[in-house]
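Inspection log for the structure reproduced underneath, given as structure tokens.
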Amino acid sequence: MTPRPARRRPLLLALAALSVGAALLLAQAESPAPTAQPLPANASLVARGRIEPEGRVIALHGPFRGVLGRVLVQEGQDVAAGQIVALLDTHAVAEAQVEAARARLALAQAEEAQVAAPAKPGVILAQRALVRAREAELTLARQEHARIATLRATSIATQATLEQRQAELDRAEAALRQAEAELRALSEVREEDRRAAAARSAVQRAALAEAEAELARASIRAPFAGTVLALLRRGGESIGDEGILQMAALDRLVVVAEVEEADAPRIVPGQAARIAGRVLAAPVEGRVDSVGRLVLRQRRTSSDVLVGRDARIVEVTIRPLGPLPPVVGAEVEVRFPLAPARP
């Protein structure tokens, strides 16, 4: 029995489709590859950017989990390099410890000077007079001892009297030696006493340095001259990861453009750029200062410039050739003219 025509139809359709596909593949293989079209003369690359200080915005920190005592500045205030902008709650105690350490050091230094200084002239004169008195007493004791010794030889004086005079002579000699020693002590300083006094002063100087370091840690200073942009903590609050305040130097502003990862190789230092935006009264010309070497993930809310584009970007810094408004973070549009490809 011969097959029905209806059963052959699917097989014929499949063979026809395969023939058409093969013909298309053969035509594509024989056709020449498309050539890259040169850029038009007015081609440009557009990226979103933001106004930033040249040194970027920094956050001043203190001891983690420390407690802030007082903030001494306000938002928008200009501060000098090294100026104290905030105090921790430990500042008052640290200041008192410094004063106490200074007083102890002053006392130790006074004692060191007292050890090294000679005695007062009046005291030395009095001691010399005492030495002369002891010398006179010794002379008298010697004379009395000699007289009793002569009487003892003739048996007029007893042995007990002679021994008593000998004891008086010994006491007179000892008193003279003591007075002379005290006179020398008034005009000389023992090296051991000098070293001990110097060591006490050194210990107090180290204690003062430690107290001053604690006081410095309780004072938050501006690392450079700039403007306070935002206060992140108030007095009595604990210091967290974000810090105490944000500041920046607004006298040197740049624009940071966020260029797509794929377009970054087309930007080079020195390339011209045009900056425009709602915060600018007129577009500002600029030059590319540097091209970032790190691919970042875009975290800011998308704008019209980057709608539908890749979120992976490279930051390009543009140095403006004109003034920019001191509005940190203000969004601008950056247009990079691209040179047409050479034939």
In segment 160-192, residue surrounded by the fewest Cβ atoms within 10 Å (Cβ to Cβ) [restricted to those that are of a type in the set (Gly, Ala, Ser) and out of contact with any Lys or Arg (no Cβ under 6 Å at 6 or more places or on another chain)]: 160
In this structure, is residue 134 in a helix (DSSP H, G or I), without any contact (Cβ under 8 Å) to a residue 12 or more places away in the chain and surrounded by 15 or more Cβ atoms within 10 Å (Cβ to Cβ)? no
If I ask for residues that are loosely packed, with under 15 Cβ neighbours inside 10 Å and under 23 Å from residue 279 (Cα atoms), which ones from segment 48-74 would you list? 54, 55, 56
Only one of (1) more than 30 Å from residue 237 (Cα to Cα); (2) of a type in the set (A, V, I, L, M, F, W, C); (3) in a loop (DSSP other than H, G, I, E, B) does not apply to residue 81, and that is (1)
Give me a count of the residues in segment 213-243 that are hydrophobic (A, V, I, L, M, F, W, C) and closer than 12 Å to residue 75 by Cα. 5
Can you confirm whether segment 216-234 contains a residue that is at negative phi, modelled with pLDDT under 95, part of a helix (DSSP H, G or I) and of a type outside the set (Ser, Thr, Tyr)? yes
Within segment 235-262, restricting to residues that are among the acidic types (Asp, Glu) and assigned to a loop (DSSP other than H, G, I, E, B), the one that is surrounded by the most Cβ atoms within 10 Å (Cβ to Cβ) is 261
When residue 265 is evaluated against the numbered criteria (1) surrounded by 21 or more Cβ atoms within 10 Å (Cβ to Cβ); (2) closer than 30 Å to residue 46 by Cα, which criterion, by number, is the only one it fails? (1)
For segment 231-253, state whether one or more residues are in contact (Cβ under 8 Å) with a residue 60 or more places away in the chain and under 30 Å from residue 338 (Cβ atoms). yes
Filtering segment 79-105 for residues that are farther than 20 Å from residue 214 by Cα and surrounded by 13 or more Cβ atoms within 10 Å (Cβ to Cβ) leaves a count of 1
Condition (residue is touching a strand residue (DSSP E or B) at 6+ places or on another chain (Cβ under 8 Å), in contact (Cβ under 8 Å) with a residue 60 or more places away in the chain and buried (at least 16 other Cβ atoms within 10 Å of the Cβ)) applied to segment 193-207: is it met by at least one residue? no
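The values are calculated or read from the model by the stated rules, or taken from the named source; none is laboratory data. All figures in this text were calculated on a predicted structure; none of them were measured in a lab. Glycine gets a Cβ as well: all are built from the backbone with ideal geometry, and neighbour counts include every protein chain shown.
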